[in-house]
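The values are calculated or read from the model by the stated rules, or taken from the named source; none is laboratory data. Treat the numbers as computed from the prediction; the structure is a model and nothing was measured. Cβ atoms come from the backbone with ideal geometry, glycine included; neighbour counts cover every protein chain shown. Just so you know, the surface numbers come from the protein's heavy atoms only, side chains and all, with ligands and any DNA or RNA stripped out. Shrake-Rupley method; radii C 1.70, N 1.55, O 1.52, S 1.80 Å.
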Amino acid sequence: MNSRTPGARVPVRGRVLRPGGRLSVRFDPRSLLVCAALTAVALLAALALLGSGDYPLSVADVARTLMGDGSPADEAIVNELRLPRGLAALLVGAALGLAGAVFQSIARNPLGSPDVVGFGQGSATGALCVIVVLHGDSTAVAAGAVAGGLLTGVLVYALAWRRGVHGYRLVLVGIGTAAVLTAGNGYLLTEAEFSDAQRAVMWLTGSLDGRSWDEVGPLAVACAVLLPVVAAYGRRLSTMELGDDAAHALGVPVERTRLVLMAAATLLTAAATAAAGPIGFVALSAPQLARRLTRSPGPQLAPAACMGAALLIGADWASQHLFGADRLPVGAVTGVLGGVYLVWLLVTERRAGRV
């Protein structure tokens with residue numbers, strides 16, 4: 001399944017603004033409108049979640065509490081219990097959506113997302129090693145998830161390297177690595193003690209329950225550092241979609257750009273997985289849905305991040321309100337929605353003659 005042919009001419013939409021000197025910025029009104037709409041949806045869903053639960057609050061009470069004018073009880077409920085979970089959902093969704101857009105653009109394939117090419121499984125392996133072998137606490141589990149994701153990224157890049165990293169080779173190597181890591185994760189579960197196995201299964205499901213500022217803080221720092229890096233290389237990434245030869249001819253250092261973007265996207269995936277466990281299908285679906293809304297070529301990095309945040313906060317709302325007292329982990333909800341999305345994607349690609 002390949003959405004773009006290397007070397008194919010990619011049409012350009014929008015206007016180019018030249019504030020002065022050599023600086024120029026492409027301005028696409030439709031993409032900005034999509035970003036604004038998705039951000040509004042995500043923030044409204046977050047406000048609704050902050051006011052819902054066993055201690056319900058109106059939107060006005062939530063807004064007043066966030067501005068520091070709430071009662072002590074409201075501030076304890078909103079600021080200490082619900083706000084970290086809402087921020088974690090927004091940041092994890094944005095990080096996964098952006099990482100998915102980067103990897104799909106590098107691989108030139110809609111299946112080239114981190115949870116398909118093994119980075120999510122690598123983070124899970126690192127976390128499982130800490131839980132089952134080292135019996136570490138939640139901080140150590142998060143560190144293990146980051147380390148596992150990074151090591152998997154290095155392994156996939158090294159195995160896919162042959163005078164450069166080609167998209168097909170990256171996806172195939174990643175899928176093979178994911179299969180091996182999934183088998184290893186299953187083996188670790190069979191060797192775990194009962195209490196460790198229960199803890200590991202809960203973590204592997206992917207959940208936002210009980211998230212505190214301890215999880216949100218490191219994730220926010222990672223996003224604050226990595227989002228500007230990806231944005232700075234966004235123009236080069238768009239040029240690379242023309243094909244490596246064309247990008248070289250236009251002065252883009254292809255391999256260095258690819259390495260920096262893959263490192264940044266791997267770190268974003270690892271940080272998101274460390275905060276909430278492996279959340280499936282957000283990185284896979286968010287970039288493609290954003291691309292269809294903007295109807296614009298290129299990686300669409302900002303719309304993908306906004307779409308990821310909106311998808312995950314929406315899935316968290318569904319996990320809390322659509323299943324009564326039997327609340328589902330948000331990872332289970334995204335898994336169900338992702339299965340439906342994957343069927344739709346395959347049918348759409350088949351009708352277009354690409355599979």
query = Looking at region 18-64, which of the residues that are surrounded by 13 or more Cβ atoms within 10 Å (Cβ to Cβ) and more than 23 Å from Ala315 (Cα to Cα) is modelled with the lowest pLDDT?
reply = Arg26
query = Pick from Tyr157, Tyr168: which is surrounded by fewer than 17 Cβ atoms within 10 Å (Cβ to Cβ) and in contact (Cβ under 8 Å) with a residue 12 or more places away in the chain?
reply = Tyr168
query = For region 187-210, does any single residue satisfy the condition of being open to solvent by 30 Å² or more (accessible area, probe 1.4 Å), under 20 Å from the mean Cα position of the chain (by Cα) and charged (D, E, K, R)?
reply = yes
message = Just the residues that are under 20 Å from Ala158 (Cβ atoms), surrounded by fewer than 24 Cβ atoms within 10 Å (Cβ to Cβ) and of a type in the set (Gly, Ala, Ser), please, taken from region 250-283.
response = Ala263, Ala264
